[in-house]
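One structure below.
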2 protein chains.
Amino acid sequence: MSETPRTRIQLENRRRIMEGALEVFSAEGFRGATLDQISAASGLSKPNLLYYFPSKEAIYTRLLTELLEIWLQPLEDMDPQGQPLEEVLRYVQRKLDMSRDMPRESRLFANEMLRGAPHISEVLAGRLRELVEARATLLSRWMQEGRLRQTPPDHLIISIWALTQHYADFDVQVRAVLGPDRDPYPEAAGYLTTLFRDLLTP
Amino acid sequence: MSETPRTRIQLENRRRIMEGALEVFSAEGFRGATLDQISAASGLSKPNLLYYFPSKEAIYTRLLTELLEIWLQPLEDMDPQGQPLEEVLRYVQRKLDMSRDMPRESRLFANEMLRGAPHISEVLAGRLRELVEARATLLSRWMQEGRLRQTPPDHLIISIWALTQHYADFDVQVRAVLGPDRDPYPEAAGYLTTLFRDLLTP
DNA sequence: GTCTATAAGCAGATAGAC
DNA sequence: GTCTATCTGCTTATAGAC
């Protein structure tokens, strides 16, 4: 498979494979997913999947790599020029929106993390750590300026991930606990805003 | 397999199977785990596993059922006669201790939840929901008495789960972000205590 | 109770026609 | 580029000896 597909058909088929793969891998995990399922979900025959990608694992790692960019964008977008509390609360809200609107992506990464992240461990120790360190530095500065209450900035970021992603990854448990008639997301938005405002208001 | 095993050997072998199954299922998920792996981890031959349990799935559901009791115990133990803030912070600490000391159990349940909890959905809608409702009622009473700040009690419980379990389930990511020389758990204990004290102090 | 051997089915990947 | 047919290995589960 060429690195730069030329025809419209190739691009479209690769897109369909990624979409089907996201559907299946996020629900079944890497080992649980089968090429037959991805074939059915994407509408391409099984041998055709392996015409576009050399192996099942290649599909999976490609999917992870592509989605990681989207996944880290909100943290990337935190604005050093903005109002500190506003910036943090906006980040929380964007992450919660992503849990609501992209639960498959959230579960895909959760699956990978649970298994020790064998396919993206370099990214964790490299790009991710650097990004978090940069944002932790920014948060520390805001805290020292008295514009946010003092608290460990890296654990703050970790706790935002934990709280927002939980609503996607443990969706079935959240809905069981809240009951069938309640929508978790507007409630979570209010709760998390209050929680972080209480924690961070100087 | 009899419901009430009689000999010491039977009890010991069942215990070894549960231990090996926990090791493998928590790391690989249900579909990813194989009887060969459980056989190696438990020290029993593969046909012998199927002498004690009728199928791979029977091993898995038995494991989930046994561990669920232990897993819910801290919430069960919350004391209606205790000091409200103290009781909540003690619950947070016990859950965090469980993440540190029983990460395999945490990941086992996380795997099951990610897949929509097909093997324990009745428990979620039944026993778990009732237990959470009982504790939410207790928390609400404390809030109305002015002994805790007003906040949605069920989301409070959900957020305790999310934050504490995250340190076990996403261990690899937490350690990548914090760097190799830091121990996440004492730091998390301090951070989470502060967080919930700020949120709940009236 | 525990073993070796094996049945039966499924999965990832390839061959080769069109 | 896409298909049908098929190979090869792995996985759950069973048969039957000891």
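Quick note: the coordinates plus some simple rules give every number you see, no bench work behind them. None of these values were measured; they are calculated from a predicted model. A quick note on method: Cβ atoms are made from the backbone with ideal geometry, for glycine too, and the neighbour counts reach across all protein chains shown.
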Quiz item: Placing a label point 7 Å from Cα toward Cβ, how far apart in nm is B:Arg149 from its equivalents in the other copies, listed shortest first to one decimal?
Solution: 0.6
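Let me know the mean shielding of A:170-183 by other chains, meaning the per-residue number of their Cβ atoms within 10 Å of its Cβ.
Mean inter-chain Cβ contacts per residue within 10 Å come to 6.
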Quiz item: Just how large is the dipole of the stretch A:1-54 about the Cα centre, in debye to the nearest 20, putting +1 at every Lys and Arg Cβ and -1 at every Asp and Glu Cβ?
Solution: 200
Practice problem: For chain B, find the longest principal axis of its Cα atoms and tell me its angle to the long axis of helix B:184-200, 0 to 90°, nearest 10. | Solution: 40
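Working from the alpha-carbon coordinates of the stretch A:41-93, get Rg over Rh, Rh being the Kirkwood radius.
Ratio value, two decimals: 1.31.
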Self-check item: Helix axis angle, A:8-32 relative to chain A longest principal axis, alpha carbon, degrees
Solution: 70
Quiz item: From the label point of A:Pro54, set 7 Å from Cα along Cα→Cβ, how far away are the matching label points in the other copies, in nm, ordered shortest to longest?
Solution: 4.6
Quiz prompt | Peptides A:176-185, B:36-45, B:76-85 ordered by average Cβ neighbours within 10 Å, highest first | solution = B:36-45, A:176-185, B:76-85
Quiz item: Where nothing but the Cβ of Lys and Arg (+1) and of Asp and Glu (-1) is charged, how large is the charge dipole of chain A around its Cα centre, in debye to the nearest 20?
Solution: 320
Quiz prompt | Teacher prompt: B:Glu66 distances to equivalent labels in other copies, 7 Å Cα→Cβ, nm | solution = 4.3
Practice problem: Could you tell me what fraction of 2.2 N^0.38 Å the Cα radius of gyration of the protein assembly as shown comes to, as a two-decimal ratio? | Solution: 1.05
Practice problem: Take each of the peptides A:167-173, B:94-100, average the number of other beta-carbon atoms within 10 Å over its residues, and list them starting from the highest. | Solution: A:167-173, B:94-100
Quiz item: Tilt of helix A:84-101 relative to the longest C-alpha principal axis of chain A, in degrees (0 to 90, nearest 10)?
Solution: 30
Practice problem: Normalising by the residue count of the stretch A:77-202, find the relative contact order in percent from Cα pairs under 8 Å and 6+ residues apart. | Solution: 40
Quiz item: With a 10 Å Cβ neighbour count serving as the proxy for reagent exposure, in which order, fewest first, do B:Thr194, A:Thr164 appear?
Solution: B:Thr194, A:Thr164
Self-check item: Value of Rg to Rh for the stretch B:1-147 (Rh from inverse mean 1/r over Cα pairs, i.e. Kirkwood)
Solution: 1.07
